[in-house]
Amino acid sequence: MTAHHGIKLHRRTIRLDGRPCTVLGLRPGTVERFSVNEFHDTWHIVTHRAGALLLGSLLWGMAHQRAQNTVLVVDRPFLDTNPFDAEPSPPIVIAPAQSAPFGDRAARELRRRLPLSTPSEGTVRLRAPGYAEALADTGAWFRAQPARHFHGYDERHRRPAIGMRAGVLVLPGTTQWLREWAVQIGSLNPAWPGAASGHGMVYDYMHTDYSLEVQVFDNYRDRVTAARIARRQIAAEPSAPTDPHSLRPLIWDRGTGIHARVRRNRRAHQVASRRGIGPRPETG
């Protein structure tokens, strides 16, 4: 599995914060999925390996975007409920800081228009030149980057403020920051030996202030499904709490158990299939 060399996106023109903006979005045939949640004051984008490569390619491509007032949005149907407590995920916006300022008003106006339902005005190809080479040797790529200082330095290297704006998770970044995030995210592979203590997960923080963490699971889709089953089961119980703070840990715990059972059954099915037994796998 390799980085995307050219991603076809839909293009729409939407007036945001008094300016006509080009809003790029994923095409319906895109199979990668993402989810978003907040935990311990840190925003998390959660996905699978193919999703990490796509997100990295999008960030790298937007770093090289030169058209003014152009942003990229990831919204339904490409967002799952999160794989922990199955709550809905907010949209994600990538905004190049130098060419597309994206403040609260722009976020609020875009949020009201989502999910995008107007016809596409055309297809554009977002290219990511040099991204595959950067991922081939990330250590060499980072060593070749200029040093940055965040105090008394110019705006081009100012630390961008990742965070929630009017219900939208905004990733604003300078060219260099978007490229660095792209390399960090694209290199996350849960198949690495020792990834997250052997739990099939690897993660990295996009900032030293821990404002954004990207997690990549090898069993992301199973976890999303298990969390949804757990929420549905608990919500059907007469004693189910209505307070989200009480409900979330219950869903998390039950979802973890459902996922573990499904994973054990799948492994048993794989072993039996190799032996020619072929039992029927249990589902959640």
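The values are calculated or read from the model by the stated rules, or taken from the named source; none is laboratory data. Because the structure is predicted, anything quoted here is derived from the model rather than measured. Cβ atoms come from the backbone with ideal geometry, glycine included; neighbour counts cover every protein chain shown.
Among strands (runs of 3 or more DSSP E) entirely within the stretch 4-55, having at least 1 residues that are out of contact with any strand residue (DSSP E or B) (no Cβ under 6 Å at 6 or more places or on another chain) singles out 6-16, 19-26, 34-39.
In the set (1) assigned to a helix (DSSP H, G or I); (2) within 24 Å of Arg11 (Cβ to Cβ), Gln65 fails one condition alone, (1). The conditions of being farther than 23 Å from Val214 by Cβ, at pLDDT 90 or above and of a type in the set (Lys, Arg) are not met by Arg143.
Taken together, Val124, Val170 contain a single residue that is modelled with pLDDT of 90 or more, hydrophobic (A, V, I, L, M, F, W, C) and touching a Leu at 6+ places or on another chain (Cβ under 7 Å), which is Val124. Looking across the stretch 99-139, the residues that are surrounded by 14 or more Cβ atoms within 10 Å (Cβ to Cβ), of a type outside the set (Gly, Ala, Ser) and not in a helix (DSSP H, G or I) come down to Pro101, Phe102, Leu114, Leu116, Val124, Leu126, Arg127.
Among residues that are at pLDDT 90 or above and in contact with a Ser or Thr (Cβ under 8 Å, 6 or more places away or on another chain), Tyr210 is not included.
Can Asp137 be described as modelled with pLDDT under 90 and more than 19 Å from the chain's Cα centre (by Cα)? In short, no.
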